[in-house]
Amino acid sequence: MIRVELPPHLRTLAKVGAEVQLEVAAPVTVNSVLDALEAGYPMLRGTIRDRGTLKRRDFMRFFACQRDLSLEPADAPLPEAVAKGTEPLLVVGAIAGG
Amino acid sequence: MARVRVLVGTRKGLFILTADGKRQNWKIHGPHFAGWEIYHAKGSPADPNRIYVSQSTGWHGQVVQRSNDGGKTWETVDNKFAYDGVPETHQWYDGTPHPWEFKRVWHFEPSLRDPDTVYAGVEDAALFKTTDGGKSWAELSGLRTHRTGSQWTPGAGGLCLHTIIEDQQNPKRLFTAISAAGAFRSDDGGKTWKTITKGLNSKYIPDPTAEIGHCVHRIALHPSKPDTVFMQKHWDVMRTDNAGDQWHEVSGNLPTDFGFCIDVHAHDPETVYVVPITSDQQHFVMDGKLRVYRSKTGGNEWQALTKGLPQKDCYVDVLRDAMAVDKLDKCGVYFGTTGGQVYGSADAGNTWKALAMNLPSVLSVEVQTLK
């Protein structure tokens, strides 16, 4: 199972805890994880990436294994620890706003 | 006994204020959607239990919430606002072409006749419609693709479609207003549109009487007299008596005719309310005094309403969607401030009371009169 940790607003919106677990077929990428996340939680569509272009929203970041993966291609394989479920993919709201 | 429900959209959530028909004792419910910006929330005139809410943040974009039980419970509905066809460009601040990009919903206008039909005014300016209670949205693209659309330019707040009015007597007639493009009317249910800006005079654009470019902040009308429309423009309070074909100024004796909100008394189409704001450079009320101005003559002659409102050291603004009226026998008037206060009057503005004092900055106020 792939583990995804969501920021607080999205936990409230999806009515879930800090972490959700998802079945994701290989290859495990940001896009395939988000596809599975949005399929399971349709209310999250558009809140992490654009509904039309699927581009990451400006103030969202993807971290895993102490690395910032936000600028990596969304179809690049995620670290093996994420694919194995030993480490979560962190969906993080960037520092912004007041 | 009748009841009143006030929907207050703020920078950090939705608050629902309720009272019985006397409107003396108020309860504050919320925040709903805490931490999110609520640009607008509005109930359906056809089913007051049905409420639509525009919820957004810079992080997560647009979410649309719907309640079927008067705000007790909520469900998300579709948030896909896709422009029809290949969106072309409008004019950017520097005069260059800029692609149309959806940013947020500024205003929901539930249909007068059907709770599942709602119009949405969005930034970048376009009009969308749902006929299935928000499960899907389709653009009424005749407005955005109007022959002037490529020349529309955003105001400081963005290129937003913020006002939508459905004519109660003529279901085919719609009015919309866009900052900073102007005002528009459709007589065929939103398929085609015409500019209704003749008579507007805006010194902040190169040609003050141009067809477009006027920063219309808000328009309002009384359902029984839909050809008479009032407008609070960037500067100037205006009136038309032929559905926008020709406007004339009715600012009269207002201390300043800059402002954002405007509304019409529920039972008297000639009684109008505005909150004058110092200037386009100073977005707060004049002289530290929070004053609503009422005209009982359809404009020109205005009276300051101050009883119960702060008359010193007050420097708040009242935004375009932050005033509303109820439909009780003695018309109630409500408005919210950027300082987080919500004021209400149960006697058509003669006296005021703070219904809430310390909410987040108020973006919108709507009222439902419940039986």
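Some notes on this structure:
- Annotation: residue A:17 fulfils all but one of (1) within 14 Å of chain B (Cβ to nearest Cβ); (2) closer than 23 Å to residue B:35 by Cα; (3) out of contact with any Asp or Glu (no Cβ under 8 Å at 6 or more places or on another chain); the unmet one is (1).
- Region B:151-193, subset basic (Lys, Arg) and touching a residue at least 40 places away in the same chain (Cβ under 8 Å), residue farthest from residue B:100 (Cα to Cα): B:173
- Flag for residue B:76 being within 17 Å of residue A:46 (Cβ to Cβ), within 13 Å of chain A (Cβ to nearest Cβ), polar (S, T, N, Q) and more than 22 Å from the chain's Cα centre (by Cα): yes
- Which listed residue is loosely packed, with under 15 Cβ neighbours inside 10 Å and closer than 19 Å to residue B:82 by Cβ, from B:135, B:203, B:172: B:135
Conditions tested, residue by residue: (1) buried (at least 17 other Cβ atoms within 10 Å of the Cβ); (2) of a type in the set (Asp, Glu); (3) under 16 Å from residue A:51 (Cα atoms).
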{"position": "B:73", "(1), (2), (3)": "no, no, no"}
{"position": "B:84", "(1), (2), (3)": "no, yes, yes"}
{"position": "B:88", "(1), (2), (3)": "no, yes, no"}
{"position": "B:115", "(1), (2), (3)": "yes, no, no"}
{"position": "B:125", "(1), (2), (3)": "yes, no, no"}
{"position": "B:143", "(1), (2), (3)": "yes, no, no"}
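- Selection of region B:191-206 for residues being modelled with pLDDT of 95 or more, under 22 Å from residue B:154 (Cα atoms) and either in contact with a helix residue (DSSP H, G or I) (Cβ under 8 Å, 6 or more places away or on another chain) or not β-branched (Val, Ile, Thr) (or both) yields B:193, B:194, B:198, B:199, B:200, B:201, B:202.
- Subset of region A:51-91 (residues that are surrounded by fewer than 17 Cβ atoms within 10 Å (Cβ to Cβ), in contact with a Lys or Arg (Cβ under 9 Å, 6 or more places away or on another chain) and within 14 Å of another protein chain (Cβ to nearest Cβ)): A:52, A:55, A:70
- Among the residues of region B:43-65, those that are within 13 Å of chain A (Cβ to nearest Cβ) and either touching a helix residue (DSSP H, G or I) at 6+ places or on another chain (Cβ under 8 Å) or surrounded by fewer than 20 Cβ atoms within 10 Å (Cβ to Cβ) (or both) comprise B:57, B:58, B:59, B:60, B:63.
Residue-wise test of (1) under 23 Å from the mean Cα position of the chain (by Cα); (2) at negative phi; (3) part of a strand (DSSP E or B).
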{"position": "B:14", "(1), (2), (3)": "yes, yes, yes"}
{"position": "B:31", "(1), (2), (3)": "yes, yes, yes"}
{"position": "B:52", "(1), (2), (3)": "yes, yes, yes"}
{"position": "B:59", "(1), (2), (3)": "no, yes, no"}
{"position": "B:87", "(1), (2), (3)": "no, yes, no"}
{"position": "B:114", "(1), (2), (3)": "yes, yes, no"}
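- Taken over region A:4-23, the criterion of being buried (at least 19 other Cβ atoms within 10 Å of the Cβ) and touching a residue at least 40 places away in the same chain (Cβ under 8 Å) is satisfied by A:4, A:6, A:7, A:9, A:10.
- Selection count where residues are within 17 Å of residue B:68 (Cα to Cα) and in contact with a Gly (Cβ under 6 Å, 6 or more places away or on another chain), scope region B:116-142: 1
Quick grid of which residues meet (1) under 12 Å from the mean Cα position of the chain (by Cα); (2) at pLDDT below 95:
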{"residue": "A:9", "(1), (2)": "no, no"}
{"residue": "A:16", "(1), (2)": "no, no"}
{"residue": "A:29", "(1), (2)": "yes, no"}
{"residue": "A:39", "(1), (2)": "no, no"}
{"residue": "A:52", "(1), (2)": "no, yes"}
{"residue": "A:56", "(1), (2)": "yes, no"}
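- Residue list for region B:31-42, restricted to those being within 14 Å of chain A (Cβ to nearest Cβ), touching a Leu at 6+ places or on another chain (Cβ under 6 Å) and within 30 Å of residue B:347 (Cβ to Cβ): B:32, B:38
- Restricting A:86, A:47, A:29 to residues that are under 18 Å from residue B:78 (Cα atoms) and polar (S, T, N, Q) narrows the list to A:47.
- Lone qualifier among B:295, B:279 - being closer than 23 Å to residue B:224 by Cβ and over 19 Å from the mean Cα position of the chain (by Cα): B:295
The values are calculated or read from the model by the stated rules, or taken from the named source; none is laboratory data. This structure is a prediction, so every number in the text was calculated from the model and none was measured. Neighbour counts run over all protein chains shown; Cβ positions are idealised from the backbone, glycine included.
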